[in-house]
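The values are calculated or read from the model by the stated rules, or taken from the named source; none is laboratory data. In this text the structure is predicted, and so the values were computed from the model without any measurement. Here the Cβ positions follow ideal geometry from the backbone for every residue, glycine too, while neighbour counts run over all protein chains shown.
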Amino acid sequence: MAYQADSSVLRWMKSGDNATNLTWAKQTDERVWFKAIDDIKPYLRNYMWLVCGFGLPGNFLIIALILRMRSRGMSSYLIVYLAVFDSLALIAKLVQRNIFYSNVRLEDIGCKMVSIPEMSCASIANWTLVFISAERFLTVCYPLQRQRWLTDFRIKLILIVVPLFLTGYAISLNVVFQYETKSRCGTKYIKFYQYMVIPPITNIVAPFIVLLIFTIFVLKSIRSVSKKRSLRLKSVTSLKEPRKNSQSATQEMENTLSNIMLAAAVLFFAVNALYCVYTLIMFPVYVSNLTRSVTFTRYSALMISDWNHALNFYVYVLFSEGFRANLLRMMRSWSCCMRMLRLCFWSETMAVTDNHAQSNANAMEQTSTSSIV
């Protein structure tokens, strides 16, 4: 990340006027880049506290709610898996931001290690959402094939192999870092602008595109299924056959999971669209002219993208009626438990008070009896 040493600059300058101009422009661009970063360092360090304050309680409620559902399957545990890695990504980002954007001397090993946890956890969460969308696509569009293609064993195998692969990928990307001057980390073996493009493409842009494709297919399939169901209900009504419009617990759970997946996809598109535009369009265009506005755009997009791991609970509540209903049932049960605990505590307190009053009355009675005698 830091600009090149003076010896390398002198070697470039000796090669001619064009190289001199290129070196001077590159050094000036990097000075502007790092000056802009220095100006927003406090925001980069502190805003993650706000994101974690919203995200961690919400992710905890997602885990508690899904595990409390009466009818659970492997699809439900995928939502729990996503919430767990969203929480880990938030914690890792909080630690990484406060270390990376502080004046801490990391040395080479610190520069290589500081970004691995947040990059691996965030990429695992993003690709888990893609896997959930693929599972929903098969469940909605090809329910019979889904049972054959995605067995519980294969899902568990995917949930083990993919995180290991993404963690290894994050390690391989970050070994290029080394410590440079002024408490900064620089890249070795590859150009810094290449590092600025490769991880976003593999961890955000690629999941964005694949998730968009699966979401479109799921929406089209849900729409066609809804039309067929409405026609079936009309035919039943016209025949005046008494039939309840109630769904089984499994159907209700599948609808809830599909709505949750669509809500998570909408959130992912909303908070990562600007970062995708920056990575694919703005950065390649302005890579030779890294102005303050380009720098601020990049870090603004990064800060918005971090909310992807924090707002899932709130969009689930907003978009999924089944999730809201289960949440209300869970809150009622929790309130009943709290009332029972308060009642038990009050009963024990009253019993202790009654015993104390009875003992005092007995003592007074014994005292009066002894005085009479």
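Points worth noting:
- Unique match (being surrounded by 21 or more Cβ atoms within 10 Å (Cβ to Cβ), assigned to a helix (DSSP H, G or I) and of a type in the set (A, V, I, L, M)) among Leu56, Leu82, Leu61: Leu82
- Considering each residue of the stretch 215-226 in turn, at least one proves to be crowded, with 18+ Cβ neighbours inside 10 Å and either touching a Pro at 6+ places or on another chain (Cβ under 9 Å) or modelled with pLDDT of 90 or more (or both).
- Breaking point among (1) modelled with pLDDT of 75 or more; (2) closer than 28 Å to Met282 by Cβ, for Lys188: (1)
- Screening Ser75 against (1) touching a Leu at 6+ places or on another chain (Cβ under 8 Å); (2) surrounded by 18 or more Cβ atoms within 10 Å (Cβ to Cβ); (3) more than 23 Å from Gln251 (Cβ to Cβ) leaves a single unmet condition, (3).
- Only one of Asn126, Asn98 that is surrounded by fewer than 17 Cβ atoms within 10 Å (Cβ to Cβ), in a helix (DSSP H, G or I) and touching a residue at least 40 places away in the same chain (Cβ under 8 Å): Asn98
- Residue check, Ser115 at pLDDT 85 or above, closer than 17 Å to Met303 by Cα and surrounded by fewer than 23 Cβ atoms within 10 Å (Cβ to Cβ): yes
- Tallying residues that are surrounded by 18 or more Cβ atoms within 10 Å (Cβ to Cβ) and in a helix (DSSP H, G or I) within the stretch 275-298 yields 9.
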